[in-house]
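The structure appears below as structure tokens.
The values are calculated or read from the model by the stated rules, or taken from the named source; none is laboratory data. Just so you know, these numbers come straight off a predicted model, no measurement behind them. As a convention, Cβ positions derive from the backbone with ideal geometry for all residues, glycine included, and neighbour counts pool all protein chains shown. Surface accessibility is based on the protein's heavy atoms, side chains included, excluding ligands, DNA and RNA. Shrake-Rupley method; radii C 1.70, N 1.55, O 1.52, S 1.80 Å.
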Amino acid sequence: MDQALSRWKDIGGMSQAVSDPVLLPSAPVTPEGAAFSNTILVADDDHSMLMLMEYILTRAGYEVLTAEDGEQALKMVGETRPALVVLDCDMPKLDGLEVCRRIKRDPELAGTPIIFMTTLSSPTDKARGYAAGGDDYIVKPPDRVELLSRVRKQLDLTRTQVQVHQQAKLLNAQADRLAPARGDRQSLLADVSKFADLKVALHYQPAAETTGDYYDIRRLSPDDTAVLIAQVEGRPLQGYFAIGVMKALTATFVNAALSVPESLMLLNAGLCNCLGPNRRISACYARISRAGSHLELGRAGVLAPLLQTTDGHFREIDAFGDALGVREDAGFETQSMHVDPGQRLFLFTQGILENAASTVGSDAGYDPEEVRTRLRSGRGASLDQAVALFAPQRTAGAGQRDLLLMGLEF
């Protein structure tokens, strides 16, 4: 038995590899209703690594094909149409990045999820892989649980994308299906009531059509919480699709191991591969640490959030970043700060401000001071009341955008 495989056995992987029901693959559904194949193609010029990967994946219930160089891998993808491809970045004849690019350029193969596997692990190296079209990334030698989890996640994401495409086609053909679509979209949004220890108030009012405001709250660790809001720019049905993609990417790239700018960079790389031309997502990501009363916040094209001090004054958090999904070389700045008990953070998308502008009869857009005045009026009120004061129901003159305002109190 090969040394790499033997070493993996020695650390206890063999005893756990046979049965792990949590990690077994689920069967995505194609548009025609047939189940996806259970085949995974692994390409690596290191024979011992191929043996290890084949062993792990076969024991988890997958059918495994192997290739030892990039040209062979590309040919096998076209011939066998695997459900997923795992590529080593550095291979002879064609490296993994070029294999990925060619797969993603082929309309018949572009939907095949690709996981890169390499010894390189810096954010820049990861970004190169995502820019080439990769869907996920794992450092080798792979951890069994992490590998199987990422494989399953990519297959589940493929299933979700197919289902979203199916729903989008139905909505496009039948206008009376727009109301069910809004219900489907609501199921993709976080349930804020599950975070009892987080003081959060939300005003969310979808527009008449299925457009694209999105929010998520994720527990990263017992002390760290991630809060993300986003606004999808594009036609309604494409906005609905982008929300599903955004949720899947957030589940992968918003985690305790990545800083705010790293998460934004990887979200951007993933969205550059998913969104069509003239599509973008504006987002704001706040990471809150309860232990140190610390806030780290990054923006990606969205309007500056407001931090309200206990004496009622406001500060714009002006960290700047490019919108997501537009440029592969997008840049992101962050602001890190200490926050005191009683301070409030307000995150909002453009629709709220258009609604506020309509309320005060402004034709030139929103007045920043009017925004502060409306929020300041709720200073002595509870957070829920303050958010309700700032975000009344949609006015007749407001644009057809979703209304999204989230307030957080530290």
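Let's see how each residue does on (1) modelled with pLDDT of 85 or more; (2) assigned to a helix (DSSP H, G or I); (3) of a type in the set (S, T, N, Q):
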position: S336; (1), (2), (3): yes, no, yes
position: G342; (1), (2), (3): yes, no, no
position: L347; (1), (2), (3): yes, no, no
position: L353; (1), (2), (3): no, yes, no
position: A356; (1), (2), (3): no, yes, no
position: R372; (1), (2), (3): no, yes, no
position: L375; (1), (2), (3): no, yes, no
position: G378; (1), (2), (3): no, no, no
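Restricting region 358-370 to residues that are open to solvent by 60 Å² or more (accessible area, probe 1.4 Å) and more than 17 Å from T309 (Cα to Cα), which is modelled with the highest pLDDT?
D367
Residue check: is T252 over 19 Å from G212 (Cα atoms) and either open to solvent by 40 Å² or more (accessible area, probe 1.4 Å) or free of Cβ contacts under 8 Å to residues at least 60 places away in the same chain (or both)?
For T252, the condition - over 19 Å from G212 (Cα atoms) and either open to solvent by 40 Å² or more (accessible area, probe 1.4 Å) or free of Cβ contacts under 8 Å to residues at least 60 places away in the same chain (or both) - is not met.
Restricting region 71-94 to residues that are buried (at least 17 other Cβ atoms within 10 Å of the Cβ) and closer than 20 Å to V139 by Cβ, which is modelled with the lowest pLDDT?
Checking each candidate, the answer is C89.
Which of the following residues is touching a Lys or Arg at 6+ places or on another chain (Cβ under 9 Å) and at pLDDT 85 or above: V200, V232, V227?
V227
Of the numbered conditions (1) open to solvent by less than 50 Å² (accessible area, probe 1.4 Å); (2) touching a helix residue (DSSP H, G or I) at 6+ places or on another chain (Cβ under 8 Å), K104 satisfies every one except a single condition; which is it?
Only one criterion is unmet by K104, namely (1).
Taking into account only those residues within region 123-143 that are part of a helix (DSSP H, G or I) and buried (at least 23 other Cβ atoms within 10 Å of the Cβ), which is modelled with the lowest pLDDT?
K126
For region 320-335, name all the residues that are open to solvent by less than 70 Å² (accessible area, probe 1.4 Å) and touching a residue at least 24 places away in the same chain (Cβ under 8 Å).
G321, D322, A323, L324, G325, A330, F332, T334, Q335
Out of L178, L120, which single residue is farther than 17 Å from A248 by Cβ, in a loop (DSSP other than H, G, I, E, B), of a type outside the set (S, T, N, Q) and at pLDDT below 85?
Matching residue, one of L178, L120: L120.
Which numbered condition in (1) part of a loop (DSSP other than H, G, I, E, B); (2) within 17 Å of A132 (Cα to Cα); (3) at pLDDT 80 or above; (4) not charged (D, E, K, R) is the only one that G276 fails?
(3)
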